[in-house]
Structure formats: structure tokens, C-alpha cells
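As C-alpha cells, the structure follows; a few thoughts come after it.
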Amino acid sequence: MNDVVDAFVHLLHDTENCLRNSPGHGRAKTLIEFLRDFRMKRVNPIHKRLERMGSGRYVLSMVGLTNVGKSTLAHALLEHPVAPRRNGPATAIPVEYEHGDEWLMKTYSLARCHVDELHFDSPQALAQALERRVFAASQDQAAKIERVLVLGPMDPIKGGLVFADTPGFGAAQPGDTHKNHQARLTKYVHDHVTEVLFCVSGANCAVKTEEVKFFAAIQEFCSTVVVTKWDGEPEAREREIQAYRSKYADLFPRCRFMFIEAKWAIDGQTNGTPGKLEESGVNEIKAFIREKATIEGRRSAIRQQLLLAWQDLLELAPLRESGLAAVPWRMDGVLRIKAAAIRDGVQFIGLP
Ligand SMILES: Nc1nc2c(ncn2[C@@H]2O[C@H](COP(=O)(O)OP(=O)(O)OP(=O)(O)O)[C@@H](O)[C@H]2O)c(=O)[nH]1
Ligand SMILES: [Mg+2]
């Protein structure tokens, strides 16, 4: 996959240079700027994510409006009550979960470039400390912490995957402004996350405008929409899922949908009622997470992000009007990307 991304970056970069050095390049100014912007904002970040993946860190993160049930879902998925959750605006700091032999909490402080490490005898003891950190922290304190990493013997995330729970967007935390809070969340996603599970509440079967807007801001990371609080009658489940999909698929292009009732999953796990567990939909997300523990599962997510970038390149102005063929691409670059795409099984539609 590295070769395709490299070839993509070079194709854009070399074509920009060619255009810049050609006579009358003033006319192509908009196109040069567009190609440069696209390279920096869309393709370079994929490169960065691939590099992080090479070092073994793959962060799958839940992102969603406040109160949709992200932390409850984390509890259901990790099978340990380590994820703090509460009514009303809750999680104030991104919390990452990673498999480890011992229960350990690491706090990454922004201001002091410092990592604070605490060991615990049990997940319960860790949960209490984590709760104090993510709920009781004042806005000032929370702003100084970049993220908290929780390590422990959580089998569902074995295989090097980091599963992250983030502060909900929409409602600002007390004392904070909307903008600050959302900017921090977007920064966390860009700096640390490889793939996003975009969470929306199925409780009222409605998607809010602010959810659609936030999705658009991080769409390049989103592979999946997780519809939470999906507690309808089991007999009507398939029909309701179909109806929901056909109503909202257009708002979340190219995303897979998963439907979950985390409370049933937690009940099923705690009380040993397999029926509830089965009906909760949690097993589908667990299988998805297991897939991300494999190299191929991770590569397929990056492949999807690459195709999405390619499709956007074709659809965005100023290419939309003139078409791909009107761009004076460097032909050596085109041949290189074609060869790399064939090797890695990426189908770039419309390559000249
Ligand atoms: N019925 C039902 N209620 C849920 C479910 N998930 C969460 N809730 C409830 O929704 C409320 C919010 O849950 P959280 O898990 O804290 O939501 P969150 O998205 O983490 O919220 P923030 O941290 O503020 O972003 C709590 O009262 C939960 O009990 C679910 O699957 N079913
Ligand atoms: Mg939360």
C-alpha cells in the first residue's frame, strides 16, 4: 500500500511542478493550488496513518454527539467495566484502551510533555481512578491532558489494536466554548486516529444537522456508522434496519452500518443471558474489531480511505468541469500509480 500512496503523492507533486514551470502557468494557478492543497490535506495524512500502522499502532475510535452511548458501548465491547459513563455530558478527555498484561493508566499531558503512569490491582480500581480523571477534571485540567491510555488484559482488543472513546461533540463541556471543544476533538482524530466508528443514536431515529456537519469534517476517517440504543422488538429488527439504512445511507456515503443495544450486551454479559447478547448486535462490532487485529483488515481500511480520496479528487472543483483527462498529468507518474494500484488491488477509476 505504501507504493500506491507514494505514487499518488508524487503524481500530484510532479504535476504541480510541471504546471508551475510551463509557459503561461498563471492560467493554471487555481489548478496548481488545488492539487497542492489536496496533496497536503488528503493524501499526506493517509501516508502518515500508514506510517503509524507500520509502527504497530492502529487506533479505532468512536466519535459522536454527546450522550449517544459511546462510553457504554466501550464497556460492552471491552467486557470490563473500565469505561466511565454517566448521564449528561461526560467524557472530557479522549480515552484509549489497549491490551496489556497488567492494569495500567497512562496520562499524556500536553503542557508539561509528561506521561504519568499508575498501576492498579483490578479493573474496578482503575475505573474509579479513570472516572475521577475524566469526570472530575476541571476544564482547565482537561485542556492540559491530551489523552489517557488504559492498558489491561482486555481480550476483545488483543492484537495491537487501540480502541478509543472520545468526548462527545455538540454540547460544550462546562466552562468551555463549543469551538474549542470541537477543535480539540478534531485535532485528536487527525493526530492519533486511523479509523473512525461514527456513532449516532437510534433512539429517535433522527440524525441531527450538527452530526452531518461533524461527519463531513472527519469523513475521510469514517468507515462505519454505529447506530446505538437500537432496542426495538427483535422480530422487527431486520425491517427497521433496512428502513433506517435507506433513509440515511446518503448522509453517510460509503459507510457500513451497524446497529447495537449496548445495555442488552452488558446485561447479557453480566447475567449470562446469551439471547440478550445475541440480539444486542455487539457480536458484529466485536467481529469487526477482530478483523482490525489482522494486517489485511487494517490494509483494507486504508485502501477504502485511498479510494475515497481518489473519488473526491475526481469530483472536486476545478477537475469536475474539465475532467481528469484535461489535467496535464506527468505520464511517468500515471504509469507508476497504475502499476502500484494493480499490485495492491486498488481500483482507481478514470485513470488516464
Ligand atoms: N437504552 C440504552 N441506553 C443507552 C445505551 N447506551 C447508552 N445509553 C444511555 O445513554 C446515556 C449516555 O451514555 P454514555 O455512554 O455516557 O454516552 P456518551 O456518548 O459516552 O456521552 P459523552 O461522553 O457525553 O459523549 C446514559 O444514560 C446511558 O445509560 C444503549 O445502548 N441503550
Ligand atoms: Mg462518554
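Read-outs: derived from the displayed coordinates by stated rules, not from any lab. Fair warning: this is a prediction, and the values are worked out from it, not measured in the lab. FYI the Cβ positions are ideal-geometry reconstructions off the backbone, even for glycines, and counts take in every protein chain you see.
Within the chain, DSSP assigns beta bridges of which about 40% are antiparallel (rounded to the nearest 5). Highest mobility in the GNM of the chain, judged by mean-square fluctuation with C-alpha springs under 10 Å and restricted to Asp121, Asp267, Asp155, is found for Asp121.
Work out the FRET efficiency for Thr30 and Thr270 from their Cβ-Cβ distance, taking R0 = 51 Å, and round it to the nearest 0.05. The computed FRET efficiency comes out at 0.30. Hey, what angle do you get for helix 237-248 against the long axis of the chain, alpha-carbon based, 0 to 90 degrees rounded to 10? Taking the Cα atoms of the chain, the angle to 237-248 is about 40 degrees. With the biggest extent put first, the Cα atoms of the range 8-53 measure 42, 15, 9 Å across the principal axes.
Mean projected area of the Cα convex hull of the range 78-164, taken over all directions, amounts to 5.5 nm².
Here the ratio of the Cα radius of gyration of the range 1-121 to 2.2 N^0.38 Å is 1.61.
May I ask for the angle, rounded to the nearest 10°, between helix 282-292 and the longest principal axis of the chain, with both axes built from Cα atoms and the value confined to 0 to 90°? Orientation of helix 282-292: about 50 degrees from the principal axis.
For the chain, relative contact order (Cα pairs under 8 Å, six or more residues apart, normalised by length) works out to 21 percent.
Provide the packing ranking of 60-68, 112-120, 188-196, 294-302, i.e. peptides ordered by the mean count of other C-beta atoms within 10 Å per residue, highest first.
Details: 60-68: 23.1, 112-120: 11.6, 188-196: 20.9, 294-302: 16.3.
Descending packing order for the listed peptides: 60-68, 188-196, 294-302, 112-120.
When all alpha carbon pairs of the range 243-331 are counted in 10 Å bins from zero, the resulting P(r) reads 14, 25, 28, 18, 9, 5, 1 %. Shown here are the Rg and Dmax of the Cα trace of the range 56-293, at 17.1, 54 Å. For the chain, the longest principal axis of the Cα atoms and the long axis of helix 331-344 meet at an angle of about 30 degrees.
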